[in-house]
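Trainee: Sharing a structure here in structure tokens format.
Any read-out appearing in this document is the output of simple, stated calculations on the displayed coordinates, not a laboratory observation. As the structure is a computational prediction, the values presented were derived from the model and not from experiment. Counting neighbours? That spans all protein chains shown, and the Cβs are built from the backbone with ideal geometry, glycine included.
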Amino acid sequence: MYTSVITGSYLGIESYLAKVEVDSAHGMPGFELVGSLNHEVKEAKERVRVALKNTGYQMGPVKVVVNISPANMRKEGTGYDLPIAIGILNNMGVIKKYALENILFLGELGLSGELKEMNGVLPIALEAIRNKITLMIVPESNYEEASVAKGVRILGVANLQEVIEYLNASKEEQQGILKRNQNKNKQRINQCFHKNIQQEEVDFSDVYGQESIKRAALISAAGFHHMLMIGPPGSGKTMIAKRIPSILPDLTEEECLEVSKIYSVSGLLRGEKTLITKRPFLNPHHSISPQGLIGGGRIPKPGVVTLAHRGVLFLDELPEFSIGILDLLRQPLEERRIHITRFSGNFIYPCEYIFVAAMNPCVCGYYPDQNRCNCTKADIRKYQGRISGPIIDRIDIFADTNRMDLASLKDAKRGESSKDIKDQVMLARERQYHRYRNEHIHLNGELDSSMLKQYCSLGLKEEQLLERIYHKMQLSLRAYHKIIKVARTIADLDGSDSISCSHLAEAVAYRDSNSIQKRGGDVNAL
């Protein structure tokens, strides 16, 4: 006897529907699984056999062959357990013959028949909607996550017996089961979503002084520019970095689902986190591995750069990261996506984030304060040389944080709130959205060299100033373009349609203020 059951899985962060085909025949008893399976899927036959026995359904002396199609795609994970069990039960006559129509089954079986929580339910639910699936049966612990996808009914079940009871019930009884299941989980979903929305957020008004660095953060957020903060310990670098997500626009519904899909396949949508509604902020330790940073592994999973998608990736104490680790960021910073090739296939992970980093100016952290800094020039060069030129070249804004004396701190007024700064960011971004409405980009930081002439045209004075700056600072072409992009964002914040010399001067000052000082870089003098 033959039965076909619909299920789903994912590769990377992209999901697809699969078909579990189960054939049972009299003959030499056996249980075969085929279809390009890894060892976790192959072990399903033992989990399913014991789960059926402990639920009260003993498999007879039959030959069972299970094929999971498409057979040319590598199958991983434990979500195939439930559809395999349902196919066998249908062949045994335990489930009504036509009860499986247009239902997607997903879940890992415990030996007692319980259904266990699994990863990647959200992207599979979204794929089910695209394929017009009417009902998904998932583990009870994944109900909240699956319910985020609007457009498909969800039934969360605790064990295999509950699935059987639902499938064998009449239409009226099934409607009652679905309604009770929805009511049972509705209050918990609302509580989780409310807590996620109302999570406590830090505010820029807590930062006293440091107006120049706050201005740099504003420009970074408004134009999607990468930023490096340099200053002594305790000058507020980390404090400011943690507040950058609070001045970014709220995630749209589409972006919420996009980010939540990444967290779902990573196994990070748990408990109260049923949907990511806030901009991610990732702050990895400097001992992170290459795999942890960019993703990969035997079973490829997103890394930190992908988990920071649509948010902020913050690397504190930047020189403490190994050169090899930092150089892995070259491609993500430029292309905003990661390509990973493994035996199981090619994976593309998105990583559109604002890169923010912080570092001390020297080993002790107090250069150029000669009263406190004991580092030699060689020590300083060696310390700053831990960051390669190509990474420095990919950073748009360099900002110095200075130690505040006690008198200045006492006199400092409470700064602008995150809401006030966010309003400025939104106005600047609206100008950019309108400007690039016919392009594949939205923000100044995403401009490529071919678009600069069209959207960032300069007057004669501005061109002459930038030419002098280019030769004086010995800029690379990439750094030259980044100055123009940052100047375009500064002009947007000023509400200006054109880039002026003052906009360029501020952009140059944020390029690398220490280097400018060393070269006598008085921009106005140029």
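Trainee: Relative to the longest principal axis of the C-alpha atoms of the chain, give the angle of the C-alpha long axis of helix 253-265, reported between 0 and 90° and rounded to the nearest 10°.
Mentor: So the helix axis and the longest Cα principal axis differ by about 70 degrees.
Trainee: Testing the spin-label approximation: label points 7 Å from Cα along Cα→Cβ at Arg372 and Asp393. State their distance in nm.
Mentor: 3.5
Trainee: What FRET efficiency comes out for Thr252 versus Glu43 if R0 is 60 angstrom and r is the Cβ-Cβ distance? Round to the nearest 0.05.
Mentor: Values: r = 41 Å, r/R0 = 0.68.
Computed FRET efficiency for Thr252 and Glu43: 0.90.
Trainee: Return the loop-located GluC sites (Glu not before Pro) in the range 248-319 (DSSP other than H, G, I, E, B) with at most 16 other Cβ atoms within 10 Å of their own Cβ; answer none if there are none.
Mentor: Taking the range 248-319 and a limit of 16 other Cβ atoms within 10 Å, the loop GluC sites (Glu not before Pro) found are Glu272, Glu317.
Trainee: Just one of (1) 28.3, 93; (2) 24.7, 78; (3) 22.1, 69 is Rg and Dmax of the Cα atoms in Å calculated from these coordinates, so which is it?
Mentor: Matching the structure shown: (1).
Trainee: With n ≥ 4 as the cut-off for DSSP H runs, can you work out [θ] at 222 nm for the chain, using -39500 (n - 2.57) per run divided by the number of residues, rounded to the nearest 500?
Mentor: On the way: 23 runs with 222 residues, N = 526.
Taken over the chain, the calculation gives -12000 deg cm²/dmol.
Trainee: Ok, one more. Quick check: the distance between the Cα centres of the range 366-380 and the range 56-75, to the nearest angstrom?
Mentor: Between the Cα centre of the range 366-380 and that of the range 56-75, the gap is 69 Å.
Trainee: Follow-up. Give the calculated FRET efficiency between Glu32 and Lys150 to the nearest 0.05, with a Förster radius of 45 Å applied to their Cβ-Cβ distance.
Mentor: Efficiency, rounded to the nearest 0.05: 0.70.
Trainee: Can I ask one more? Calculate, for Ala71 and Gln291, the FRET efficiency according to 1/(1 + (r/R0)^6) with r their C-beta to C-beta distance and R0 22 Å; round to the nearest 0.05.
Mentor: On the way: r = 29 Å, r/R0 = 1.31.
Rounded to the nearest 0.05, the efficiency is 0.15.
Trainee: In whole Hz, with x marking every Gly and Pro, tabulate ³J(HN,Hα) for the range 494-504 from phi via Karplus 6.51 cos²θ - 1.76 cosθ + 1.60, θ = phi - 60°.
Mentor: 7, x, 9, 7, 10, 8, 9, 4, 5, 5, 5
Trainee: Give the angle, between 0 and 90 degrees and rounded to the nearest 10, that separates the Cα long axis of helix 460-473 from the longest principal axis of the Cα atoms of the chain.
Mentor: 90
Trainee: For the residue pair Glu165 and Tyr455, what label-to-label distance in nm results when each label sits 7 Å from Cα along the Cα-to-beta-carbon direction?
Mentor: Those two pseudo-labels are separated by 5.8 nm.
Trainee: While we're on this one: By how many nm would the segment from Asp379 to Gln58 grow when fully extended, if each residue of separation counts as 0.36 nm and the alpha-carbon distance is taken off? Can you show the working numbers first?
Mentor: Working: separation 321, 0.36 × 321 = 115.56 nm, distance 7.32 nm.
Gain in length upon complete extension: 108.2 nm.
Trainee: Would you please name the trypsin sites (Lys or Arg not before Pro) within the range 104-150 that are DSSP coil residues with at most 10 other C-beta atoms within 10 Å of their C-beta?
Mentor: Listed in order of number, the matching sites are Lys132, Lys150.
Trainee: If you fit an axis through the alpha-carbon atoms of helix 211-223 and take the longest principal axis of the Cα set of the chain, what angle between them do you get, 0 to 90°, nearest 10?
Mentor: On a 0 to 90 degree scale, this one is about 50.
Trainee: With each label point set 7 Å from Cα along the Cα-Cβ vector, what nm distance links Arg180 and Glu467?
Mentor: That separation, rounded to one decimal, is 8.2 nm.
Trainee: Given the pairs Lys278/Lys301; Lys45/Lys97; Lys150/Lys242; Lys278/Lys422, which are separated by over 26 angstrom at their Cα positions? Numbers along the way, then the final one.
Mentor: Working: Lys278/Lys301 22 Å; Lys45/Lys97 22 Å; Lys150/Lys242 32 Å; Lys278/Lys422 14 Å.
Pairs exceeding the cut-off: Lys150/Lys242.
Trainee: Going down the list Lys53/Lys75; Lys42/Lys75; Lys19/Lys75, which pairs span over 19 Å between their C-alpha atoms? The partial results should precede the final answer.
Mentor: Numbers: Lys53/Lys75 25 Å; Lys42/Lys75 10 Å; Lys19/Lys75 12 Å.
From the list (Lys53/Lys75; Lys42/Lys75; Lys19/Lys75), the Cα-Cα distance tops 19 Å for Lys53/Lys75.
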